[in-house]
Amino acid sequence: MNSILNRYILAAAITVALMAGGCKKDTVNKTSLELTADAKFNIYPKAVSNTATGSTKGWVGDVMPYYVNGQFELFYLHDAPDQVKQSSPGQHDIHKFSSKDLLNFSDDGEAIPYGNANTQDNLIGTGSMIKVGDTYYYYYTGFNGNANWLTNNNPGFANANTREAVMYATSKDLKTWTKKSDYVLRASTGYSGTDFRDPYVFYNDEFSQYWMLVSTQQNGKGVVLVYTADDLASNKWTIKGPLTVEGDYLMLECSQILKINGKYFMLFAEDWTSTPGTHYRVASTTAGPWLKPADGQDMFDGYQFYAGRETTDGAKYYAFGWAHRRTPENDGGTLTYAGNMIAHEVFAIGSDKLGVRSPASLNGYFGKQSEPAISGNAGTVSQTGGSYSLNGSTAPALYKFGAMDSTVMLRGTFNLSNVTGTASIGLNTRADNSSTYVIKMEPANHRIAAYNNGKEVTRVPFTFEAGKAYNFSLVMDASVAVLYVNDQVALSNRVYSMAGNPWSLSADMLNFNITNLKVFKH
């Protein structure tokens, strides 16, 4: 689960302060609380208040998807507004969206509540659901960093309490859940009880047994630990040991194994290196070893698609993550846990790569096509119909376009004349043609990266070739913008200054040629 580790440390400190007699739940400055006016999202949902379903306002944290009975059941960690967390007895109850098409979502409200300062699940963390017979088992992380809990000054379990442990609840109908309050799985000897989270349970056909993947640490290094069981109802999990995963990380959060086209892929998230986000590995067997793709490029989106987890409708695979919000809600705010849910269709490319594209239903949502309205240009440029040529070989070249609608999609095809310069999409382009948020194609660095007010915030690896045509789309919804390139990678972004402001295309030290550029609206 994306604690993020710092978030969980903060949450623990908040809980300790509350139990020490303080009445202040959170240390957030009042001036940095969320804005009261909510942006309207048509594509990328967040929790909204609805008395009919019991839903309450909040943000989407780690998503735990499952497909059953013809629809997606999208469980997620519900992050309440800061004002609510000031007085709540715990955090991150599990809520659920349901959807048949990943375009229209029903906000079903709370599924599994958090506990209190005297229970392991004072805060709830990421987990997973599996159906056996007529029973749904929901395994999740229980987190309690309260000092009294950790020193066992409370009723509860006979064994020493730990900050994190695995718990579960059951249901027959996906609506009413019963916690198994007398069961908890704590870290085995040699593994961290402070970081022991994100259970992913599945039936492993290779070994004819249930596997539980747990994100933990061994000797200060992140590992994916495997437990096995023959019968979930027995509560008898046997430690199998850690999987061999290429790379060195502090934690491998929200790990998951899936099989596509005969190959096994592992997803996991990390937040401590220079390339944070959702990574993947590939293996010919679930036992591993789990290796990077041959080209070393092990991400299909950047930092703003965190804790990606996957499910399938039987025909296609989909990954679900979330885009950080900022506090306060503007481009100058600090990146903060939880935000809006983003879904990608996921598929295998060759023998060891994963590609992503926007779900088909989303493409169908944008049915009205128009030409972008040019509002200015600079440098050596030319335009014929939907084709635009920006010659930035000796000096920067730019086209500026009219104000961006709140929910819109841009689509086109581009090529780059060389792999030493850069081509950019600018958002919130100002009168002097500079943009506060810029998405750059950086072929020399083998990546696409985004910069907020000049500071890099996200990136995804990608190898460009000079002269090659690349299809792209940029889907924008309120403050979320997701770029897709060539049905290979995506780059999710949070841009508060985007809607209602001009945008631009620019080239620097190369020729940037775009054809069939269109604007699509609902």
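Scanning the range 386-411 for residues that are touching a residue at least 24 places away in the same chain (Cβ under 8 Å), surrounded by fewer than 22 Cβ atoms within 10 Å (Cβ to Cβ) and assigned to a loop (DSSP other than H, G, I, E, B) returns Gly386, Ser393, Pro396, Gly402, Ala403, Asp405, Ser406. The strands (runs of 3 or more DSSP E) falling completely within the range 186-302 that include 1 or more residues that are small (Gly, Ala, Ser) map to 209-218, 221-229, 238-242, 253-260, 263-270, 277-283.
Here Gly308 meets the list (1) assigned to a strand (DSSP E or B); (2) over 10 Å from the mean Cα position of the chain (by Cα); (3) not basic (Lys, Arg) almost entirely, failing just condition (2).
When you scan the range 286-295, do you find a residue that is over 17 Å from the mean Cα position of the chain (by Cα), over 20 Å from Gly125 (Cα atoms) and buried (at least 23 other Cβ atoms within 10 Å of the Cβ), even just one? Yes: one or more hits. Just to be sure before I move on: is Ala431 touching a residue at least 12 places away in the same chain (Cβ under 8 Å) and of a type in the set (Gly, Ala, Ser) in the structure I sent? In short, no. Among the residues of the range 296-316, those that are surrounded by fewer than 19 Cβ atoms within 10 Å (Cβ to Cβ) and more than 10 Å from Pro461 (Cβ to Cβ) comprise Thr312, Asp313, Gly314, Ala315, Lys316. If I filter the range 36-75 down to residues being in a loop (DSSP other than H, G, I, E, B) and of a type in the set (Ser, Thr, Tyr), which single residue comes out as nearest to Ser406 (Cα to Cα)? The qualifying residue nearest to Ser406 (Cα to Cα) is Tyr44.
Could you list, in sequence order, all residues of the range 181-220 that are charged (D, E, K, R) and farther than 25 Å from Glu310 by Cβ? Even if it seems obvious, please write down each step before you answer.
Of the residues in the range 181-220, the ones charged (D, E, K, R) are 182, 186, 195, 197-198, 205-206.
Residues satisfying the conditions are Asp182, Arg186.
Looking at Asp271, Asp198, Asp205, Asp182, just one residue is at negative phi and either surrounded by 15 or more Cβ atoms within 10 Å (Cβ to Cβ) or touching a residue at least 12 places away in the same chain (Cβ under 8 Å) (or both), and that residue is Asp271. The strands (runs of 3 or more DSSP E) falling completely within the range 412-497 that include 2 or more residues that are surrounded by 21 or more Cβ atoms within 10 Å (Cβ to Cβ) and among the hydrophobic types (A, V, I, L, M, F, W, C) map to 422-429, 435-442, 447-452, 470-477, 480-485, 489-494. In the condition set (1) over 19 Å from Ile43 (Cα atoms); (2) in contact (Cβ under 8 Å) with a residue 60 or more places away in the chain; (3) outside the structural domain of Asp62 (by TED's automatic domain parsing); (4) not charged (D, E, K, R), Ser351 is compliant with all but (3).
Determine whether Tyr138 is modelled with pLDDT of 95 or more and in a loop (DSSP other than H, G, I, E, B).
Numbers: modelled with pLDDT of 95 or more: yes; in a loop (DSSP other than H, G, I, E, B): no.
Answer is no for this residue.
The values are calculated or read from the model by the stated rules, or taken from the named source; none is laboratory data. Here the structure is a predicted model, which is why all the values come from computation and not from measurement. Methodologically, a virtual Cβ is constructed for each residue, glycine included, from the backbone with ideal geometry; neighbour enumeration extends over all protein chains shown.
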